[in-house]
Amino acid sequence: MSDETCSLAEKECKPCQGGVPPLVGEELKKLQGELGNDWQVIDGNHLEKEYSFKNFAEALEFTNKVGALAEEIFHHPDIFLTWGKVKISIWTHKIDGLNEADFIFAAKADGLA
């Protein structure tokens with residue numbers, strides 16, 4: 001994990017209350033650059049990453065950790081679990097796009113892997 005991603009992971013993830021525009025342009029690129037670690041911005045709308053594990057049990061353990069984090073900070077990604085893989089998609093539903101909290105959550109998820 002890069003120092004910049006560590007900085008994102010150390011920030012508090014505050015749920016978006018809506019009423020703000022989603023990130024676009026340079027702001028979006030800047031946060032994507034800080035996050036790194038194979039996260040992709042899909043259609044400027046959501047973050048996505050696939051994690052690989054040795055087996056189903058490890059993938060399930062990671063899924064449970066991400067789920068616990070989601071409940072703790074009330075920011076809920078889509079999680080796809082299959083044998084040896086977990087794919088996470090993150091976006092802020094209230095604004096149908098990305099904000100800083102999505103990148104913070106992504107960095108925190110990386111810390112759980």
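Observations
- Test: residue in region 6-27 that is under 17 Å from Ala113 (Cα atoms), at pLDDT 90 or above, touching a helix residue (DSSP H, G or I) at 6+ places or on another chain (Cβ under 9 Å) and not in a loop (DSSP other than H, G, I, E, B): no
- Matching residues, region 17-49, being closer than 26 Å to Gly84 by Cβ, charged (D, E, K, R) and surrounded by 13 or more Cβ atoms within 10 Å (Cβ to Cβ): Glu48, Lys49
- Hits in region 32-76 - residues which are among the β-branched types (Val, Ile, Thr) and farther than 21 Å from Gly97 by Cα: Thr63
- Here Trp91 fits the description: in contact (Cβ under 8 Å) with a residue 24 or more places away in the chain, within 23 Å of Ser7 (Cβ to Cβ) and either touching a helix residue (DSSP H, G or I) at 6+ places or on another chain (Cβ under 7 Å) or open to solvent by 20 Å² or more (accessible area, probe 1.4 Å) (or both).
- In region 94-106, of all residues being outside any helix (DSSP H, G or I) and not charged (D, E, K, R), the one that is surrounded by the most Cβ atoms within 10 Å (Cβ to Cβ) corresponds to Leu98.
- Test: residue in region 37-44 that is of a type in the set (Gly, Ala, Ser) and part of a helix (DSSP H, G or I): no
- Region 53-80 - residue that is open to solvent by 90 Å² or more (accessible area, probe 1.4 Å) and not in a helix (DSSP H, G or I) and, of those, modelled with the lowest pLDDT: Phe74
The values are calculated or read from the model by the stated rules, or taken from the named source; none is laboratory data. Please read these numbers as outputs of a predicted model, since none were measured by experiment. Please note: Cβ atoms are built from the backbone with ideal geometry, for glycine as well, and neighbour counts cover all protein chains shown. For accessibility, only protein heavy atoms count, side chains too; no ligands or nucleic acids. Shrake-Rupley method; radii C 1.70, N 1.55, O 1.52, S 1.80 Å.
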